[in-house]
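The values are calculated or read from the model by the stated rules, or taken from the named source; none is laboratory data. Everything numeric here is computed off the predicted structure, so don't read it as measured data. All Cβ positions, glycine included, derive from the backbone under ideal geometry; neighbour counts span all protein chains shown. Areas reflect the complete protein model, heavy atoms only, side chains present, ligands, DNA and RNA absent. Shrake-Rupley method; radii C 1.70, N 1.55, O 1.52, S 1.80 Å.
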Amino acid sequence: MTAVRETATAVRPLIGITGRRFRLGLINGLDSRYADRLTDAFMSDFSDRIARAGGIPVLLPYDADPVAACHWLSGVVITGGQDVHPGCWGGDLSVVRAIDARSDPMVHDPERDAYESALVRAAIESDTPVLGVCRGLQILNVARGGTLIPDLPAGPVQHLSERSALTDGGPDHVVSFQPGSIAQALFGDHAVTNSWHHQAVDECGDGLVVTGRTVDGVVESIELPGAPVLGVQWHPEWMERDDRALSWVVGAAAERLCVGRPS
């Protein structure tokens, strides 16, 4: 037991973080000779928060084989971004714009969808802790065969709120958590969070359960009982206070590192 504690103190877990891919020509001021080359972009807020929580952030391009990556990583964060392609979950294909995702990082990106879905499946198969954030929660659900609400109607809670996206959230955005869930252990019975999304979980994917909702019924957290899997619809990386979702994935990854990976 002493050796395990010493290992936990000395070794910091590697936490994989997903991102986007686009053409360098979208960056103002860059030498135009590079305009057609591709770059991978990752939110520094995640790297900062993961490092502060005790993990080592590892940035994952689409070329990082999911199964091989999960052999080395101790945790995975699926980050936010553009809508998941409706073709992944049986949605309305008429909303898809015929624009190259490399030239507009806000349109649907099937390559990203496929990569992150494969990463979710590989992580769950290898018992690697997974945290899905906003779009990442939706990818987690879609990767398990779930569906999405394509556009939330207006209601008593403001979900697409730029004003509160980079804060701790507005007073109307209170999430209530199910007793006995990972989320409830982290946040208590209720928590005010930020919000910046227009889609949400509809039908849960295989094995997933809803563990958090706002008063209007919108799904705000999902989990896979018996596995280290958590999806949150808000943005923990943008909360003014340290959000326990990110410390959870680092802590769960550290535990996995101590006990060893499954053979």
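Filter the range 80-101 down to the residues that are open to solvent by 10 Å² or more (accessible area, probe 1.4 Å) and closer than 19 Å to Trp196 by Cα, then identify the one that is nearest to the chain's Cα centre (by Cα).
The residue in question is Gly80.
Would you check which residues across the range 116-132 are out of contact with any helix residue (DSSP H, G or I) (no Cβ under 7 Å at 6 or more places or on another chain) and either surrounded by 17 or more Cβ atoms within 10 Å (Cβ to Cβ) or within 14 Å of Thr79 (Cβ to Cβ) (or both) and list them?
Residue satisfying the conditions is Ile124 alone.
Taking the range 26-49, which residues are assigned to a helix (DSSP H, G or I), under 19 Å from Arg112 (Cβ atoms) and either open to solvent by less than 70 Å² (accessible area, probe 1.4 Å) or among the acidic types (Asp, Glu) (or both)? If you could, list the steps in order and put the result at the bottom.
Residues of the range 26-49 assigned to a helix (DSSP H, G or I): 26, 32-34, 44-49.
With the extra rule that they be under 19 Å from Arg112 (Cβ atoms), the set shrinks to 26, 44-47.
Within the range 26-49, Asp45, Phe46, Ser47 meet the criteria.
Quick one: what pairs do we get from the range 21-43, first residue under 11 Å from Pro105 (Cα atoms) and touching a residue at least 60 places away in the same chain (Cβ under 8 Å), second open to solvent by less than 70 Å² (accessible area, probe 1.4 Å) and not hydroxyl-bearing (Ser, Thr, Tyr), C-beta under 6 Å, 6+ apart or different chains?
As it stands, the answer is Arg21/Asp40; Phe22/Arg102; Phe22/Pro105; Arg23/Arg102; Ala41/Gly19; Ala41/Arg20, since those pairs meet every condition given.
Could you tell me which residue of the range 196-244 is farthest from the chain's Cα centre (by Cα), considering only residues that are within 18 Å of Ala154 (Cα to Cα), hydrophobic (A, V, I, L, M, F, W, C) and open to solvent by 40 Å² or more (accessible area, probe 1.4 Å)?
Step by step, filter the range 196-244, then rank; the result is Val215.
For Arg135, only one of the following conditions fails: (1) within 24 Å of Trp248 (Cβ to Cβ); (2) of a type in the set (D, E, K, R); (3) surrounded by fewer than 18 Cβ atoms within 10 Å (Cβ to Cβ). What is its number?
Answer for Arg135: the failing condition is (3).
Given the conditions (1) in a loop (DSSP other than H, G, I, E, B); (2) farther than 28 Å from Gly25 by Cβ, report the number of the one that Leu131 does not fulfil.
(1)
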